[in-house]
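Here is the structure we will look at, set down as structure tokens.
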Amino acid sequence: MVWTQVVEARPFAAQRVVCFPHAGGSPYFFRGWAKGLDAYEVHSVCYPGRAERFSEECADRLVPMAREIAAALSAPGDDRPVAFFGHSMGAIVAYEVVRAMEEAGSGVAHLFASGARAPHLMTGDPVAAAAWDEASIGRTLIELGGTEPELLENRAFVELVMPYIGADFRMLAAYEGRHRPPLNCPITAIVGEGDPRVTTAQSAAWRESTRGPFRALTVPGEHFYLGDRPPFGLIEDALRPRRS
């Protein structure tokens, strides 16, 4: 299984940025990021059940999936520093990947948690997970933005994407974050000021997830603010080496 795709190979870039898509997302969501982050080699995670992994079974447990990704990203072969950018569900997956890597003795240079509540606020509700049916998923996709209502009237589209979108929604709803020892890496939490699902307080609560430097940022836009305004400047600023 190939967990990541290189958006544009840059073997001489000093640092990598690995992007983790939202629930129902694919690596294609970040295909334009190589141009915006031209000093870095950008990678994007591909969850099973979509894109080039369409024939595979979707993951149904978030933490075991994250541990598989951690093992793949920790494999020998590229020792350049790496930063993670995760959006929505992707922020939680990225967090669990960092946790697994730190437990194994490695880690990342920075974690960007975008459009997501802090992990310890995730309660893990099996009843809520089971309640995600096609109708409720459709309503939520429209509420979050990024999905045209007309697409949900296209049965071919729904039959193609709803299985993996539903699997992701249920997997995230079943995830229980709990209070655990904080990470060592710096975290930047980003949320759109009009996000209908994540408040600024819920985003700022990522502060409890690290013993390292932390920054909470609110940007213009809603849940998918990064579709129109990718936060390239924020990422570059956070990763820029500081003079002592």
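Do you know which residues across the stretch 176-197 are modelled with pLDDT under 95, within 25 Å of residue 101 (Cβ to Cβ) and not in a strand (DSSP E or B)? 177, 178, 179, 180, 181 - these are the residues of the stretch 176-197 that are modelled with pLDDT under 95, within 25 Å of residue 101 (Cβ to Cβ) and not in a strand (DSSP E or B).
Residues in the stretch 115-131 that are in contact with a helix residue (DSSP H, G or I) (Cβ under 6 Å, 6 or more places away or on another chain) and surrounded by 21 or more Cβ atoms within 10 Å (Cβ to Cβ): how many? So the answer is 4. When the stretch 91-100 is filtered for residues that are touching a residue at least 60 places away in the same chain (Cβ under 8 Å) and either out of contact with any Phe, Trp or Tyr (no Cβ under 8 Å at 6 or more places or on another chain) or more than 18 Å from residue 120 (Cβ to Cβ) (or both), the ones remaining, listed by number, are 95, 99.
Does residue 86 qualify as being modelled with pLDDT under 95 and either open to solvent by less than 50 Å² (accessible area, probe 1.4 Å) or within 24 Å of residue 171 (Cα to Cα) (or both)? No; evaluated as a whole, the condition is false for this residue. Condition check for residue 98 on (1) open to solvent by less than 10 Å² (accessible area, probe 1.4 Å); (2) part of a helix (DSSP H, G or I); (3) out of contact with any Cys (no Cβ under 9 Å at 6 or more places or on another chain); (4) more than 21 Å from residue 167 (Cα to Cα): one failure, at (3). When we screen 56, 103, 52 for residues that are of a type in the set (D, E, K, R) and free of Cβ contacts under 8 Å to residues at least 24 places away in the same chain, the only hit is 103. Out of everything in the stretch 49-70 that is open to solvent by 60 Å² or more (accessible area, probe 1.4 Å) and under 17 Å from the mean Cα position of the chain (by Cα), what residue ends up being modelled with the lowest pLDDT? Once the filter is applied, the top-ranked residue is 60. Of everything listed in (1) over 22 Å from residue 213 (Cβ atoms); (2) in a loop (DSSP other than H, G, I, E, B); (3) touching a Pro at 6+ places or on another chain (Cβ under 9 Å), the single unmet condition for residue 108 is (1).
Please work out if residue 207 is part of a helix (DSSP H, G or I) and surrounded by fewer than 17 Cβ atoms within 10 Å (Cβ to Cβ). Don't jump to the end; show me each part of the working.
Values: part of a helix (DSSP H, G or I): yes; surrounded by fewer than 17 Cβ atoms within 10 Å (Cβ to Cβ): yes.
Yes; evaluated as a whole, the condition is true for this residue.
Annotation: of all residues in the stretch 214-244 being of a type outside the set (A, V, I, L, M) and touching a His at 6+ places or on another chain (Cβ under 9 Å), the one that is surrounded by the most Cβ atoms within 10 Å (Cβ to Cβ) is 223.
All of (1) assigned to a loop (DSSP other than H, G, I, E, B); (2) more than 27 Å from residue 240 (Cα to Cα) hold for residue 212 with one exception: (2).
The values are calculated or read from the model by the stated rules, or taken from the named source; none is laboratory data. Note that the coordinates shown come from a computational prediction; the quantities given were computed from them, not determined experimentally. Quick reminder, even Gly has a Cβ in these numbers, built from the backbone with ideal geometry, and neighbours come from all protein chains shown. Side chains included, ligands, DNA and RNA excluded: accessible areas come from the protein's heavy atoms. Shrake-Rupley method; radii C 1.70, N 1.55, O 1.52, S 1.80 Å.
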